[in-house]
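Okay, so here's the structure we're looking at.
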C-alpha cells in the first residue's frame with residue numbers, strides 16, 4: 001500500500017515538473033523561471049521548501065524531546081526571514097542578479113564571489129546527500145524495497161524535475177505540494193490529538209517543566225540555536241534568494257517573503273503540536289529521530305499514515321529540487337560564465353546548468369553510498385556556509401564603510417572559524433556559529449578601517 005502510493009505520487013509530481021521543459025530557452029528561464037513568479041506561486045514554493053523534510057521529521061522529534069526550548073530555533077528562523085525580506089529582498093530583485101555571490105561581487109570583488117560560491121556549492125551538495133539518505137530511510141522503512149533501489153529512486157526524483165523543469169517546473173510542483181504539506185500537517189495534528197484524548201488530556205499529560213524555557217538548554221545554547229537558524233535562513237540561496245531573484249518584480253519579492261513569515265509559523269506550530277502529541281501518546285522513550293515514523297505507524301489509521309508519508313516525501317522532494325538547482329546556478333553563473341574567455345549564450349549557459357545538476361546529483365549520490373555515517377559532519381557544511389556569508393552580505397548592504405578586502409576576508413574568516421571550532425568539539429560548550437559571527441564581524445570592521453575605501457560610483461550602481 002505504502003509502496004504504490006509513494007511511487008504513484010513521485011511519478012505524478014516528476015511528470016508535472018518535466019512538462020515545463022519546453023519553457024526553458026535560456027539560463028534566465030532555467031534558473032529563474034524568466035523572473036515571472038507571481039505572489040501566490042512565490043509563497044507556495046517558499047513554504048514548500050521551507051517546511052522541508054528536515055523540519056517535519058527532525059523538528060517533530062526536537063519538539064517532542066525539548067518542549068518549548070526548541071522554539072528558540074523557530075524564532076531564529078522566522079527572524080532570518082524577516083531580515084531577508086526587509087533588508088535584502090527588494091535590493092536583490094532590483095539589481096537583477098542570479099546568485100548570492102553575484103550580490104557579494106557587486107558589493108565587494110570577484111574574489112568574494114569565488115570564495116562564497118565554493119562555500120554554497122559545498123553546503124548544497126552536503127544537504128542533498130543528507131536528503132538522499134533521509135528519503136532512502138523512509139522508502140526502506142515503509143515500503144521494504146532494498147536500500148540501493150531506494151537511493152536510486154530518491155536521487156532520480158530529486159534530479160529529473162530540476163534537470164528538465166528548471167525553476168518554473170520546481171516552483172509549480174512546489175506550490176502544488178505546499179497545499180499537500182499544509183493540509184496534511186493540519187489533519188495529522190487533528191488526528192494525533194484525537195488519539196491522545198483531546199487538547200486538554202494531551203497538554204495535561206506532558207511533563208511539568210515542558211513549557212518552561214531553559215529546561216533542556218542553557219542561555220548560551222539557546223542563543224546558539226537561534227543564531228544558527230537565523231544565519232542559515234537569512235543567507236540561504238536555495239531557500240530564500242533563488243525565489244527573490246525569480247519574482248516578477250521587487251515588490252512581489254518582498255511581499256512573498258513577508259507572507260512566508262505567518263505561513264512558516266503555522267508550519268512550525270503544526271510540527272510542534274505533532275511533537276507534543278507524540279510525547280503524550282508515545283511516552284518519553286522514543287528516540288527523537290523516530291518520533292514521526294512511530295507516530296505514523298503505530299497510532300494512525302493507514303490512510304492517515306499514508307497522507308503524512310506523502311507530506312514527508314513532498315517536503316523532501318521540494319527542498320532538494322531547489323538545493324540542486326541552486327548549486328548548479330552557482331557553478332554556471334559564478335564560475336563558468338565568469339571564467340569563460342568569450343561571451344556565452346543564454347542557451348549554452350542553460351545546458352551547462354543542466355549538466356551541473358546531473359553532476360552534483362551524482363556526486364551527492366556517491367557520498368550517500370560511501371559515507372552514510374557522517375551525516376552530522378555533512379550537515380555542518382551548511383552551517384559553515386551560513387557562518388561565512390551572513391556578516392559580509394548584510395554588513396555590505398547596510399554599511400558603506402565595508403571594503404572589498406574586508407568582504408573577502410570576512411567570508412573566509414567566518415567559515416574558517418566555524419570549521420575550526422567544530423573540529424575542536426566546540427570548547428566551553430559554545431556553538432560554532434557564535435565565535436564564527438564574532439570573527440567575521442571583527443574582520444569586516446577592522447580590515448575595512450585599514451584598507452582602501454569603496455568608490456562612490458559603485459554605491460550609485462547599487463542604489464545605496
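The values are calculated or read from the model by the stated rules, or taken from the named source; none is laboratory data. Values in this document were obtained by computation on a predicted structure and should not be read as measured data. Every residue, glycine as well, gets a Cβ built from its backbone with ideal geometry; the counts of neighbours run over all protein chains shown.
Only one of (1) touching a helix residue (DSSP H, G or I) at 6+ places or on another chain (Cβ under 8 Å); (2) within 21 Å of residue 274 (Cβ to Cβ) fails for residue 230. Which number is that?
(2)
Would you confirm whether any residue within the stretch 392-404 is within 26 Å of residue 218 (Cβ to Cβ), crowded, with 24+ Cβ neighbours inside 10 Å, in contact (Cβ under 8 Å) with a residue 40 or more places away in the chain and under 23 Å from the mean Cα position of the chain (by Cα)? If you could, list the steps in order and put the result at the bottom.
Initially, the stretch 392-404 is screened for residues within 26 Å of residue 218 (Cβ to Cβ), giving none.
The answer is no; no qualifying residue exists.
Looking at the stretch 108-146, which of the residues that are more than 21 Å from the chain's Cα centre (by Cα) and surrounded by 21 or more Cβ atoms within 10 Å (Cβ to Cβ) is farthest from residue 4 (Cα to Cα)?
Among those that are more than 21 Å from the chain's Cα centre (by Cα) and surrounded by 21 or more Cβ atoms within 10 Å (Cβ to Cβ), it is 108.
Please go through the stretch 59-96 and give me each residue that is over 20 Å from the mean Cα position of the chain (by Cα) and either free of Cβ contacts under 8 Å to residues at least 40 places away in the same chain or farther than 14 Å from residue 396 by Cα (or both), ordered by number.
As a first pass, look at the stretch 59-96 and keep what is over 20 Å from the mean Cα position of the chain (by Cα): 64-69, 90-91, 94-96.
Scanning the stretch 59-96 gives 64, 65, 66, 67, 68, 69, 90, 94, 95, 96.
Looking at the structure I just gave you, is residue 149 more than 19 Å from the chain's Cα centre (by Cα) and closer than 30 Å to residue 283 by Cα? Can you show your working first?
Values: more than 19 Å from the chain's Cα centre (by Cα): yes; closer than 30 Å to residue 283 by Cα: no.
No; evaluated as a whole, the condition is false for this residue.
Under 9 Å between Cβ atoms, which residue pairs at least 6 apart in sequence (or on different chains) link something in the stretch 162-177 that is without any contact (Cβ under 8 Å) to a residue 60 or more places away in the chain with a partner that is surrounded by 24 or more Cβ atoms within 10 Å (Cβ to Cβ) and assigned to a helix (DSSP H, G or I)?
Between residues of the stretch 162-177 that are without any contact (Cβ under 8 Å) to a residue 60 or more places away in the chain and residues that are surrounded by 24 or more Cβ atoms within 10 Å (Cβ to Cβ) and assigned to a helix (DSSP H, G or I), there is no close pair.
Mind listing whichever residues of the stretch 56-70 are under 18 Å from residue 292 (Cβ atoms) and either surrounded by 22 or more Cβ atoms within 10 Å (Cβ to Cβ) or at pLDDT 90 or above (or both)?
Taking the stretch 56-70 as the starting set, the residues that turn out to be under 18 Å from residue 292 (Cβ atoms) are 56-67, 70.
Passing the criteria: 56, 57, 59, 60, 61, 62, 63, 64, 65, 66, 67, 70.
List the number of the failed condition for residue 433; all other conditions in (1) at pLDDT 95 or above; (2) surrounded by 15 or more Cβ atoms within 10 Å (Cβ to Cβ) hold.
All conditions are met except number (1).
Pairs needed: first member in the stretch 1-23, exposed (fewer than 13 other Cβ atoms within 10 Å of the Cβ); second member anywhere, modelled with pLDDT of 75 or more and part of a helix (DSSP H, G or I); C-beta distance under 6 Å; at least 6 residues apart or different chains.
3/143
Looking at 315, 280, 327, which is the one that is touching a helix residue (DSSP H, G or I) at 6+ places or on another chain (Cβ under 9 Å) and closer than 18 Å to residue 141 by Cβ?
From the options 315, 280, 327, the qualifying one is 315.
With (1) modelled with pLDDT under 95; (2) farther than 25 Å from residue 57 by Cβ as the list, and residue 258 as the residue in question, which single condition is left unmet?
The one condition residue 258 does not meet is (1).
Does the stretch 420-461 hold any residues that are without any contact (Cβ under 8 Å) to a residue 12 or more places away in the chain and not in a helix (DSSP H, G or I), and which are they?
Listed by number, the residues that qualify are 424, 425, 426, 455.
Return only the number of the condition from (1) modelled with pLDDT of 90 or more; (2) surrounded by fewer than 20 Cβ atoms within 10 Å (Cβ to Cβ) that residue 176 does not satisfy.
Unmet condition: (1).
Of all residues in the stretch 184-215, which are modelled with pLDDT under 90 and farther than 22 Å from residue 304 by Cα?
208
Return the only residue of 289, 256, 267 being assigned to a helix (DSSP H, G or I) and in contact with a strand residue (DSSP E or B) (Cβ under 9 Å, 6 or more places away or on another chain). So that I can check it myself, show each step before the final result.
Details: 289 fails: in contact with a strand residue (DSSP E or B) (Cβ under 9 Å, 6 or more places away or on another chain); 267 fails: in contact with a strand residue (DSSP E or B) (Cβ under 9 Å, 6 or more places away or on another chain).
Unique residue meeting the criteria: 256.
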